[in-house]
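Reviewing the structure listed below.
The values are calculated or read from the model by the stated rules, or taken from the named source; none is laboratory data. Predicted model only: the values in this text are computed from it and were never measured. Please note: Cβ atoms are built from the backbone with ideal geometry, for glycine as well, and neighbour counts cover all protein chains shown. The accessibility values were calculated without ligands, DNA or RNA, using every heavy atom of the protein model including side chains. Shrake-Rupley method; radii C 1.70, N 1.55, O 1.52, S 1.80 Å.
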Amino acid sequence: MHPRGFKISTLIYCFNASDQILLMNRNRPPNQGLWSPPGGKLHQDIGESPHACAAREAREELGIKAHSQDFRLSGIVSEKGYEGEHHWMMFLFEYTQKLHKLPTNHPEGNFEFFSPNQVDQLEIPKTDKTFIWPLFQKHRRGFFAVECNCQPDGSFTWQTLQSSLNNT
């Protein structure tokens with residue numbers, strides 16, 4: 001087995017005025033054919049920060065004039081051996097502005113708004129459904145950090161490293 005490096009990415013949680021979440025039905029791997037928040041890989045070669053990556057991805061995928069300071073870090077997820085291929089370090093951000101319209105479809109995927117209850121009924125990645133989405137909802141306006149060990153058989157174990165709830 002050869003060593004695998006981390007792929008670093010951002011996920012962007014955007015909401016409209018009705019507090020519905022924006023999700024993308026992905027056209028490409030990873031998670032092709034599944035619903036997930038928009039986002040993408042950090043450009044490590046140029047020293048891009050996670051906040052700058054979130055803003056760039058929002059501009060590219062959502063067509064909005066986002067800036068680094070428009071994003072609040074909500075969580076950090078480290079996944080070891082995801083799909084038996086890579087390790088992922090994901091920075092989860094909430095876009096602090098409300099979206100007023102559905103973004104136009106993008107080569108990466110198509111967009112829809114969903115109520116939080118509807119998300120549970122969607123085809124979303126297994127780790128998102130089991131842990132990431134519930135953790136984001138619980139810690140919205142708070143912060144969490146978790147590690148996930150993904151096994152070749154598709155099972156996984158989670159460990160919460162930090163959890164700060166916003167009680168206001």
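Ordered by 1.4 Å accessible area with all protein chains kept, His87, His139 run largest first as His87, His139.
Centre-to-centre separation between the Cα atoms of the range 104-150 and those of the range 5-25: 7 Å. Working from the Cα coordinates of the chain, the gyration tensor eigenvalues give, after taking √(5λ), semi-axes of 23, 18, 17 Å in decreasing order.
Straight-line reach from Lys126: taking Cα to Cα under 12 Å and skipping same-chain neighbours fewer than 8 places apart, the aspartates and glutamates in range are Glu83. Placing Asp153, Asp70 in order of accessible area, with the largest value first and a 1.4 Å probe, yields Asp153, Asp70.
Less than 5 angstrom separates the built amide H of Phe156 from those of Gln151, all sequence-distant by 5 or more or on a different chain. Taking the Cα centre of the range 1-116 as origin and assigning +1 to Lys and Arg Cβ atoms and -1 to Asp and Glu Cβ atoms, the resulting dipole is close to 80 debye.
Calculated accessible area for the chain comes out at 54 Å² per residue, all protein chains present (probe 1.4 Å; ligands, DNA, RNA ignored).
In sequence order, the range 45-61 has phi-based couplings of 4, 10, x, 4, 7, x, 5, 5, 5, 4, 5, 4, 4, 5, 5, 5, 8 Hz under the Karplus curve 6.51 cos²θ - 1.76 cosθ + 1.60, θ = phi - 60°, and Gly or Pro positions carry x. Spread over its residues, the convex hull of the C-alpha atoms of the range 19-82 is 129 Å³ per residue. For the range 1-109, the relative contact order comes to 35 percent (Cα pairs under 8 Å, sequence separation of at least 6). Oblate is the label for the range 83-168. Its Cα gyration tensor axes, ordered a ≥ b ≥ c, give a/c of at least 1.5 and b/c at or above a/b. Of the two radii for the range 35-117, the radius of gyration is 0.96 times the Kirkwood radius, both from the alpha carbons; that is the Rg over Rh value.
Calculated over the range 121-166, the projected area of the Cα convex hull averaged across directions stands at 3.6 nm².
Computed with every protein chain present, the accessible area of Leu11 is close to 20 Å² [probe 1.4 Å].
Expressed as a whole percent, the accessible surface of the chain that belongs to carbon and sulfur atoms is 50, based on a 1.4 Å probe.
Scaling against 2.2 N^0.38 Å puts the C-alpha radius of gyration of the range 91-132 at 1.34.
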